[in-house]
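The values are calculated or read from the model by the stated rules, or taken from the named source; none is laboratory data. Please read these numbers as outputs of a predicted model, since none were measured by experiment. Here the Cβ positions follow ideal geometry from the backbone for every residue, glycine too, while neighbour counts run over all protein chains shown. Keep in mind that these areas ignore ligands, DNA and RNA; they rest on the heavy atoms of the full protein, side chains included. Shrake-Rupley method; radii C 1.70, N 1.55, O 1.52, S 1.80 Å.
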Amino acid sequence: MWNEITEKLHEVLRNVMPQVDVVLGWERGFNPLRIKPVVVRSEKDISRLVWNPFCVQNLTGYLVKNPAVIAGEGKKVAVCVKGCDSRSLVALIQEHFLDRDRLLIIGVPCQGTIDWRLVMKKIGNTTTVFNAHIEDGILRIEHSGGLEQMSIESVLLRRCLRCAYPNPVIYDVLIGETVTPRIDKSELYRNVAQFEQKSLEERRNFWIDVLSRCVRCYACRNACPLCICQDWCIAERRDPKWVTQRPTIKDIFIFHSIHALHLAGRCTECGECERVCPVGIPVMFIKEKLNEINLRLFSYEAGLDPQAVPPLLTFNPHEAGI
Amino acid sequence: MEEKSTTSANEMKIIGFLCNWCSYGGADTAGVSRLKQPTDLRVIRIPCTGRMDPLFVLKALISGIDGVLVSGCHPKDCHYAVGNFYARRRLEVLKEFLPFLGIDADRFHYTWVSASEGQRWQEVVTEFSQRIHELGRNPGVGTKTKTENSVEAY
């Protein structure tokens, strides 16, 4: 099934190549579980591209972060997006970081992406993977220790387990059939509600506990397609000095507050921050709460309507109760 | 944050961010009218509540400040026309967000006081500092570790 979709992707790209300057997609990495982003500029390289549930990266960040992938005069950038990635694109178009007319969006409905770390944990971290096949929700892995089968559901990333938008919300070409969301929109924030049953002190201790693992590598910030300050990020400025260089829990708290609050009302929950975290901090959970607040106060969900304005970048003089 | 010797034992550390055009004048009016006010408040003058970065509040509360009060012009009365409309949304989102990190949202309050409302300013500041006294000291996050220019940091 994934090979068919990959072939379809190649076919579509060959057809649109005349108007496209550069293609952003995924290619196979050093083993079948590891997929890496690739920038393709010529037709002969199109066959490198793949699409399968190991394509975890959100490629939209490459369009805005330096050195950004930009198309030549009169041409377009083709970018492959899953459901969550397409919402990042919408958010970037909303804030005028991207010009919709210069993009050719290739949407691929997503049935969930796989966390290679969970797979490796199951088959043993030192094994070598030769082959990985997915069929009917079962992942079959040939590795140096033999053959192993597991259900896809047991190795999905957390963001995929709570995905309500698996189908791209914005696209020029859609490849493959649309899929039904794993959960309903009304259930999106059940984890937040559950967490809020705890007392204030328990919550603070929870965050102190998980955030004390943070090494401030800034991977969460760098992977985020909407964190576009880059070298101007206030977490690395000496003036104004928001955080020190010292690895104390206080500085870590402030860093994550900066990251979360700068994304308040903008975060599209693509989960890249959490996926790239080397120490497994549930970074996206902080943003889930902010999104829950924005949904409740302003009935706003980020990354759905390219014409909408994020709620904290505007105001309504008549709103009551705030 | 280390306790300064000038701070008496039962005095709380409260930061007030006051808009230059309204609440700062309101606090001045209260002073000129010789209205009695609690002494826990340290005032920071800002050009407009639109200048308020929610991170000001978060950093203060994480660092162990006992309470943060933000006060500006009444909505529709902003000197810059719309500053407090933006502030209203940001500060409300922040207020809802604080408990998620385990910070008591009662330690943060935002309100609107105009330059002529000396009486109202007195009520606001008295009420807020009373509330903070009831809540007691803010544990903050990691405030016991020595940081910031301290030689014993390591």
Problem set entry | Heavy-atom accessible area order for B:PHE108, A:PHE30, B:PHE56, largest first, 1.4 Å probe | A:PHE30, B:PHE56, B:PHE108
Problem set entry | Accessible-area value, A:CYS217, 1.4 Å probe, nucleic acids and ligands omitted, Å² | 70 Å²
Problem set entry | Cross-link table A:LYS122/A:LYS250; A:LYS36/A:LYS287; A:LYS122/A:LYS185, entries beyond 29 Å C-alpha to C-alpha | A:LYS122/A:LYS250; A:LYS122/A:LYS185
Exercise. Taking a probe of 1.4 angstrom, what is the accessible area of A:ARG102 in Å², to the nearest 10?
Worked result: 90 Å²
For this session: Count the DSSP beta bridges whose two residues both fall in the protein assembly as shown, then state the antiparallel fraction as a percent rounded to the nearest 5.
Result: 45 percent
For this session: Counting only heavy atoms of the protein chains, get the accessible area per residue of the stretch A:170-248 (1.4 Å probe) and round it to a whole Å² value.
Result: 61 Å²
Problem set entry | List A:GLU177, B:GLU92, A:GLU11, ordered by accessible area with a 1.4 Å probe, largest first | A:GLU177, A:GLU11, B:GLU92
For this session: Give the accessible area for A:ILE183 in Å² (nearest 10); use a 1.4 Å probe, count only protein heavy atoms, and leave out ligands, DNA and RNA.
Result: 20 Å²
Exercise. Let a ≥ b ≥ c be the square roots of the eigenvalues of the Cα gyration tensor of the stretch A:258-322; is it rounded (a/c under 1.5), or, if not, prolate (a/b larger than b/c) or oblate?
Worked result: prolate
Seminar exercise, completed: Per residue, accessible area of the stretch B:32-102 with a 1.4 Å probe, heavy atoms of protein chains only, in Å², comes to 39 Å²
For this session: Find the relative contact order for the stretch B:1-131 and round it to a whole percent, using C-alpha pairs within less than 8 Å whose residues are 6+ positions apart.
Result: 37 percent
Seminar exercise, completed: In terms of the alpha carbon gyration tensor, root eigenvalues a ≥ b ≥ c, rounded if a/c is under 1.5 and otherwise prolate when a/b exceeds b/c or oblate, chain A is oblate
For this session: Using a 1.4 Å probe and counting only protein heavy atoms, arrange B:LEU135, A:LEU103 so the residue with the most accessible area comes first.
Result: B:LEU135, A:LEU103
Seminar exercise, completed: Taking every other residue with Cβ under 13 Å from the Cβ of A:PHE315 and scoring Lys and Arg +1, Asp and Glu -1, one gets +2
